[in-house]
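The values are calculated or read from the model by the stated rules, or taken from the named source; none is laboratory data. As the structure is a computational prediction, the values presented were derived from the model and not from experiment. As a convention, Cβ positions derive from the backbone with ideal geometry for all residues, glycine included, and neighbour counts pool all protein chains shown. To get the accessible areas, we keep the full protein, side chains included, count just its heavy atoms, and leave off ligands, DNA and RNA. Shrake-Rupley method; radii C 1.70, N 1.55, O 1.52, S 1.80 Å.
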Amino acid sequence: MQKVVLIGANGQLGSELAKIFFDHDLVPLTHADLDIADAKGIEKVLGQHSPDLILNTAAYHRVDECEEFPARAYEVNALAVRHLAQWAKAHNSVLLHVSTDYVFDGCLRRPYTEADPPGPLSAYAVSKLAGEYFIRAILDRHVIVRTCGLYGIAGSSGKGGNFVETMLRLATEGKEIRVVDDQVLTPTSAKELARKVRQLVETGAYGLYHMTNNGACSWYEFAAAIFELSGLTPRLEPTTSAAFGARANRPAYSVLDNAKLRSVGLDDLRDWRVALKEYLEERTHMVLSA
Ligand SMILES: NC(=O)c1ccc[n+]([C@@H]2O[C@H](COP(=O)([O-])OP(=O)(O)OC[C@H]3O[C@@H](n4cnc5c(N)ncnc54)[C@H](OP(=O)(O)O)[C@@H]3O)[C@@H](O)[C@H]2O)c1
């Protein structure tokens, strides 16, 4: 049986990976167990467990905050990832690392393939791309999974919830909700992503893979679907990125083509609306049974 170390184990994706890898010899590590920015900590903790496979979901991904603290973004998203890759190479481990659709500039306006050149627009995106490049430069036996618009039951502790939870909370406050309509993405269920990550690991394939639910929408359309599927009717208005005025630039279009996954024999993930409906039902069930 493979020994698997999971970093970021109580995050949105991490907590779903912990469930899906339950039948492995799994060591789930939270931020309190291991800070990947601490090089000595990596040596000590990974040395204790000697994993065959490292799953790294940890990131500093408050995208606007990264503009103010680019050195911290680089430390966690690039240098720490470099160290993980170095450790994996020295100890003959496989590293699976999670990256982002934000490595692209959004100018193409058609789904991005793994072969398309990146063009990061923010400190966060540059740091995540640097993390990818370090892995590729150091370690042959790696898997990099780029995903997009993640939401999961655990909520992102780093971001204080997730977009779905934020929308549901705002709907209860009775104010007008403005959401950008000029950034197109694919909302992706952390649960479904975790299932597909496991399938990909089982193929034994290495390299860079795009992995998202199917289809595309703007953040405004995502919000509208959340309210429609929840039977809520708050005042929802579309706005533009310019009017919204976030500190970090984001791609206007960051839909990822999952064709490379199909090339290793894996099915597409489901349509984003189907996965969203399942998430909303699951969270309702959890609230009712709490
Ligand atoms: N969320 C999205 O929309 C999105 C989109 C595309 C790609 N991604 C990528 O997907 C991955 C997973 O995202 P997620 O939404 O699951 O994030 P998340 O819920 O915030 O989980 C990240 C986990 O990593 C931990 N962590 C943060 N900094 C750490 C450090 N220095 N050392 C060790 N652990 C640390 C966090 O713990 P604390 O909270 O306690 O610090 C948290 O448990 C990330 O690599 C992210 O860049 C996310």
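Name the residue from 55, 135, 91 whose Cα lies farthest towards the positive end of the charge dipole of the chain, charges +1 on Cβ of Lys and Arg and -1 on Cβ of Asp and Glu.
Comparing the listed Cα positions along the dipole, 91 ranks first.
Mind checking the dipole of region 1-67: about its Cα centre, +1 per Lys or Arg Cβ, -1 per Asp or Glu Cβ, Debye to the nearest 20?
Details: 5 positive and 11 negative charges, 42 e Å.
About 200 debye.
Put +1 on the Cβ of each Lys and Arg and -1 on the Cβ of each Asp and Glu in the chain; which of 252, 150, 27 then has its Cα farthest toward the positive end of the dipole?
Among 252, 150, 27, the one farthest towards the positive end of the dipole of the chain is 27.
Between residue 37 and residue 92, what is 0.36 nm times their sequence separation minus the Cα-Cα distance? Round to one decimal in nm.
17.7 nm
Mind checking which aspartates and glutamates have their Cα closer than 14 Å to the Cα of residue 175? Skip sequence neighbours fewer than 8 apart in that chain.
237
For the chain, what does the relative contact order come out to in percent, with C-alpha contacts under 8 Å and a separation of six or more?
Numbers: 569 pairs, mean separation 59.9, N = 290.
Relative contact order comes out at 21 percent.
What part of the accessible area of the chain, given as a whole %, is carbon or sulfur when the probe is 1.4 angstrom? Show your work: numbers first, answer last.
On the way: 6740 of 12880 Å².
Percent of accessible area from carbon and sulfur atoms in the chain: 52.
What's log10 of I(q)/I(0) for the chain at q = 0.14 Å⁻¹, Debye sum over Cα points only, no solvent?
Computed log10 I(q)/I(0) values: -1.03.
Helix-only mean residue ellipticity at 222 nm, the chain, DSSP H runs n ≥ 4 weighted -39,500 (n - 2.57), per residue, nearest 500. What is it?
Using -39500 (n - 2.57) per qualifying helix, the result is -12500 deg cm²/dmol.
Counting other Cβ atoms within 10 Å, which GluC sites (Glu not before Pro) in region 17-107 have at most 10 and lie in a DSSP loop? Don't skip to the answer; put the middle values down first.
Details: sites: 43, 65, 67, 68, 75; in loops: none.
The qualifying sites: there are none.
Given the protein chains as shown and a 1.4 Å probe, how many square angstrom of residue 239 are accessible, to the nearest 10?
Approximately 20 Å² of residue 239 is accessible to the 1.4 Å probe.
Any chance you could look up the accessible area of residue 45 with a 1.4 Å probe, heavy atoms only, rounded to 10 Å²?
20 Å²
Charges at C-beta only: +1 for Lys and Arg, -1 for Asp and Glu. How large is the resulting dipole of region 179-290 about its Cα centre, in Debye rounded to 20?
Working: 13 positive and 14 negative charges, 67 e Å.
In total the dipole reaches around 320 debye.
Can you give me the solvent accessible area of residue 33 with a 1.4 Å probe, rounded to the nearest 10 Å²?
Only protein atoms counted, so the area is about 80 Å².
Based on Cβ point charges of +1 for Lys and Arg and -1 for Asp and Glu, what charge dipole magnitude is obtained for the chain about its Cα centre, in debye rounded to the nearest 20? If you can, show how the numbers build up before the last one.
On the way: 31 positive and 36 negative charges, 55 e Å.
Using Cβ point charges on Lys, Arg, Asp and Glu, the chain gives about 260 debye.
Strictly over 32 Å apart at the Cα level, which of 44/260; 44/277; 44/196; 44/191 would you flag in this model? Numbers along the way, then the final one.
Details: 44/260 36 Å; 44/277 42 Å; 44/196 30 Å; 44/191 30 Å.
From 44/260; 44/277; 44/196; 44/191, over 32 Å: 44/260; 44/277.
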